[in-house]
Amino acid sequence: MALTDILIKGGFLITMDPHNRVIREGDVHVVDGRIAEVGEALRVRDPEHTVDARRHLVMPGFVNSHSHLQQYFRGVYELMGDFFETNLPLEGYRRPEQMEALGLASCAEFLHGGCTTSMVVYTYPDEYAKAVSEAGNRCHLAADIEHVDLERLRDGVYEYLPEKRDAAVRRAKDLYHDWHGGARDRITTLMCPKAPDMAMPDVYLECKEFAEEHGLRVTTHLSQSAREFRQVQRLFGKTPPQHLYDLGVMDAKLSGAHLTYGTAKDFQLIKETGMAILHCHSVESPLVDWLDAGIPVGLGTDDYYHDMCDLIRKQRSGVMTRAVKVGGYLGMINESRRTARPSFYEMLWLATMGGARALGMDAEIGSLEPGKKADIITFDLMNPYLTPTRDPVTSVFLYGAPADIDNVICDGAFLKRDGELTTIDAEEALLKAQATCDGIIDSFFQEHPEQRRMWESKATR
Ligand SMILES: [Zn+2]
């Protein structure tokens, strides 16, 4: 990919710099993959590319802090909804070699929606990394490690399998050796023990040791489900965060997704250690308390589709609903102030700089500042549902959609230009992914006719 000299001119700039500077009519100059200058009426002689950003919001690319590839069984998962009867057996029909095609469609989705950086936790990360190196986006990639016998878990029995553990640990370490720092440093890897009920303490300790040895970070699902909470209580007599704290793996290099359940003590430990929370669902969370306590927080789409505007919208309304109902976890409640928080600007900060900080990437990405890598997106405001507006930020995140993002620059290269993806033939990638998914789902239905019947009754009604 050729490096470029790009001038983005006359946009409404949201810089996310330490002063939270907003420039109503500003320019960004990009040279050789990095931001050279940000300001008003920059004097740049003969830039190679000029983006006319008048009536556009210009901001750092989104940092999607936690996601998986689950979107490929869209139209089945959401209708059936039973992990053990549908999702788990269906996933068994995937083959590693199909995953590059699905990976490319996944990268297309991220880029279409302005996610220049995504954390992806996935079973076949090797094929996914190939897709990322082709697509040009930035990816923080992990192979999750769990060693529970999922068949037995169906009956509520936790049995931990040593062979499964060894294979998963090997896959995670191979991913580091094969891909870390790949495709011009856009691909970075991290370790991911799946969750405290799915991976035993030895896995967490081995991941931490490997991560320290190679300068990596560790991520995990944490306090995600009632099942996890009960199992960790049963095994260790503690909450999941207290379990990780006592194990010595909770520190500033750890991030935990969800924290659906948490006690005041859990959040104190998280605050004390500098661990980051990756906030994923539109559940009613104590987000404002986390922010006021200085806990690093990133936002992740996690689910079947990866639209950061939608995520911001839903999570903000979840937090607001909660704020009215309950008191805070950290004793920092101020009801009158709460009703206006988190603001859209705060949510936007979490979706960019906050995520970069939570993933330990804030020295390089997350804001529009000279010296940083040039990961920049522009929103076209010239749509009847966005203009007129007095405040483009509020409007974009209340009414905007991925299709409004017309330019996506990552590492100084255009990956979406004037609304079209440049590195991925979107039609070809999506049709290939469709054919792959049809093949997987057809074979599953063939061998599980009762599932086909159930799906047909739900899909056609
Ligand atoms: Zn997850």
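The values are calculated or read from the model by the stated rules, or taken from the named source; none is laboratory data. Bear in mind that the values here come from a model prediction, so they are computed numbers and not experimental data. Note that each Cβ is placed from the backbone with ideal geometry, even for glycine, and that neighbours are counted across all protein chains shown. Side chains included, ligands, DNA and RNA excluded: accessible areas come from the protein's heavy atoms. Shrake-Rupley method; radii C 1.70, N 1.55, O 1.52, S 1.80 Å.
Would you mind getting the accessible area per residue of the chain, heavy atoms of the protein chains only, 1.4 Å probe, in Å²? Provide the component values of the computation, followed by the final result.
On the way: 18760 Å² over 461 residues.
Result: 41 Å² of accessible area for each residue.
Which peptide among 296-309, 80-93 comes first, and what is the full order, when sorted by highest mean count of other Cβ atoms within 10 Å? All intermediate terms of the calculation are to be shown ahead of the outcome.
Values: 296-309: 22.8, 80-93: 15.1.
Output ranking for 296-309, 80-93: 296-309, 80-93.
May I ask for the distance between the Cα centers of the stretch 417-461 and the stretch 192-216, given as a whole number of Å? With the stretch 417-461 and the stretch 192-216 each reduced to a Cα centre, they are spaced 34 Å.
May I ask for the Kirkwood hydrodynamic radius of the stretch 64-193, worked out over all distinct Cα pairs and given in angstroms to one decimal?
Roughly 15.5 Å, rounded to one decimal.
Evaluated with a Cβ-only charge set (Lys, Arg +1; Asp, Glu -1), the stretch 62-358 carries a dipole of roughly 920 debye about its Cα centre, given to the nearest 20.
Could you work out the helix-only [θ] at 222 nm for the chain, with each DSSP H run of four or more residues adding -39,500 (n - 2.57) and the total divided by the number of residues, to the nearest 500 deg cm²/dmol? Show your work: numbers first, answer last.
On the way: 19 runs with 182 residues, N = 461.
It comes out at -11500 deg cm²/dmol, rounded to the nearest 500.
Each peptide among 51-64, 208-221 gets the average number of other Cβ atoms lying within 10 Å of its residues, and from highest to lowest they stand as 51-64, 208-221.
Quick check for me: using +1 on Lys/Arg Cβ and -1 on Asp/Glu Cβ, what's the dipole size of the stretch 57-205 about its Cα centre, in debye to the nearest 20?
Numbers: 15 positive and 23 negative charges, 107 e Å.
Roughly 520 debye for the stretch 57-205.
What's the extension gain from Arg55 to Glu91 if we count 0.36 nm per residue and subtract their Cα-Cα distance?
Details: separation 36, 0.36 × 36 = 12.96 nm, distance 4.43 nm.
Once the chain is fully extended between Arg55 and Glu91, it gains 8.5 nm.
Can you tell me the convex hull volume per residue for the stretch 241-311, based on C-alpha atoms, in Å³ to the nearest whole number?
Values: hull volume 6.7 nm³, N = 71.
Here the figure is 94 Å³ per residue.
For the stretch 369-461, the fraction of C-alpha pairs more than 23 angstrom apart is 55%.
Name the residues of the stretch 175-208 whose amide N is less than 19 Å from a point 7 angstrom out from the Cα of Glu272 along the C-beta direction? Output list for this probe position: empty. Spin-label model, Arg417/Leu205: points 7 Å from Cα along the beta carbon direction are separated by 5.4 nm. Extension gain for the segment Ala41 to Asp166, taken as residue separation times 0.36 nm less the Cα-Cα distance, is 39.3 nm to one decimal. For the chain, the alpha carbon positions stretch 66, 52, 51 Å along the principal axes, listed from largest to smallest.
Given a 1.4 Å probe and every protein chain left where it sits, what share in percent of the accessible area of the chain is carbon and sulfur?
Working: 9390 of 18760 Å².
So the carbon and sulfur contribution to the accessible surface is 50 percent.
Multiplying the sequence separation of Glu25 and Arg234 by 0.36 nm and subtracting their Cα-Cα distance, what value in nm do you get? Please list the in-between numbers first.
Working: separation 209, 0.36 × 209 = 75.24 nm, distance 5.80 nm.
Residue separation times 0.36 nm, minus the Cα-Cα distance, leaves 69.4 nm.
The angle between the Cα long axis of helix 449-460 and the longest principal axis of the Cα atoms of the chain comes to about 40 degrees, rounded to the nearest 10. From the alpha carbon centroid of the stretch 1-61 to that of the stretch 135-152 is 36 Å.
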